[in-house]
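Heads up, the thing below is written out as structure tokens.
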Amino acid sequence: MNLPNKLTVLRVCMVPVFVVLMLWDGLGDAGKYVAALIFILASATDWLDGYLARKNNLVTDFGKFMDPIADKLLVCSALICLVENGAIASWIVIIIIGREFIISGFRLVASDKGTVIAASYWGKFKTVFQMVMVILMILDLGGIFDLLTRIIMWIALALTVISLADYLRKNWNVLDGEM
């Protein structure tokens, strides 16, 4: 297993630690800040594994398949924790997670046909905005950051829908013979 793939696996392993820190009331604000740090580090591995894979020609089917799953697991877990903490409306999280299920379904069907659907630029932008949104919501800095967080949330939601439409448009042929 190459370094980029190890970073992807590390990101998956960081998720349970993050969730415990987000939901364990006994840690107070310290838990929130450590959770934010873990989320930032896990998010950084997303960028780093992709960079290293492309730079060193280490792109693998495992990475193409697992990297988006690791991202979804990280972001969706964070969003569910934020719903639990009252920081984000559940309907927004349902749209975001629904998109992830649809794209994962497309990837599964494509995989059965021997095709790997890699992340698109829209999907990458969506992931970045979702990650920034999550960090701002965890930190809950108040003041002008409340407005900034809301703006980023709406951009992330728009990119979620746009990237879904883009994936469907580009990969609809995957469903040929399935319907």
Item to check | Size of electric dipole in the chain: Cβ of Lys, Arg +1 and of Asp, Glu -1, about Cα centre, debye, nearest 20 | outcome: 480
Item to check | Accessible surface of the chain, 1.4 Å probe, proportion on carbon and sulfur as whole % | outcome: 69
Checklist entry - Could you give the angle, 0 to 90 degrees to the nearest 10, between helix 121-139's Cα long axis and the longest principal axis of the Cα atoms of the chain? => result 20
Checklist entry - Once the Cα atoms of helix 90-112 and of the chain are each reduced to a long axis, what angle between those two axes, in degrees from 0 to 90 to the nearest 10, is obtained? => result 30
Item to check | Chain lengthening between residue 150 and residue 111 when straightened (0.36 nm per residue, less Cα-Cα) | outcome: 10.4 nm
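Counting each DSSP H run of 4 or more residues in the chain as -39500 (n - 2.57), what helix-only mean residue ellipticity at 222 nm follows after dividing by all residues, to the nearest 500 deg cm²/dmol?
Numbers: 6 runs with 143 residues, N = 179.
Value at 222 nm, helices only, nearest 500: -28000 deg cm²/dmol.
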Checklist entry - Rounded to the nearest 0.05, what FRET efficiency is calculated for residue 165 and residue 104 with R0 set to 22 Å and r the Cβ-Cβ distance? => result 0.85
Checklist outcome for this item: In degrees, nearest 10, the alpha-carbon axis of helix 144-171 is tilted away from the dominant principal axis of the alpha carbons of the chain by 10
Checklist outcome for this item: Computed from the beta carbon distance with a Förster radius of 25 Å, FRET efficiency for residue 176 and residue 64 to the nearest 0.05 stands at 0.70
Item to check | Filtered chymotrypsin sites (Phe, Trp or Tyr not before Pro), the stretch 1-58: DSSP coil and at most 14 other beta carbons within 10 Å | outcome: 24
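Grab the other residues whose beta carbon is less than 14 angstrom from that of residue 165, score K and R as +1, D and E as -1, and report the net.
On the way: positive: 99, 126, 169, 170; negative: 166.
After counting each charged neighbour, the total is +3.
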Checklist entry - the stretch 105-179 to the stretch 1-40: how many Å between their Cα centroids? => result 21
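What is the gain in length, in nm to one decimal, between residue 12 and residue 48 on full extension, counting 0.36 nm per residue of separation less the C-alpha to C-alpha distance? All intermediate terms of the calculation are to be shown ahead of the outcome.
Details: separation 36, 0.36 × 36 = 12.96 nm, distance 1.44 nm.
Here the answer is 11.5 nm.
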Checklist outcome for this item: Regression test value, accessible area per residue of the chain, probe 1.4 Å, units Å², expected 54
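The values are calculated or read from the model by the stated rules, or taken from the named source; none is laboratory data. The shown structure was predicted, so the numbers you read here are calculated from the model rather than taken from an experiment. Using ideal geometry, Cβ is built from the backbone for each residue, glycine included, and neighbour counts are taken over all protein chains shown. Keep in mind that these areas ignore ligands, DNA and RNA; they rest on the heavy atoms of the full protein, side chains included. Shrake-Rupley method; radii C 1.70, N 1.55, O 1.52, S 1.80 Å.
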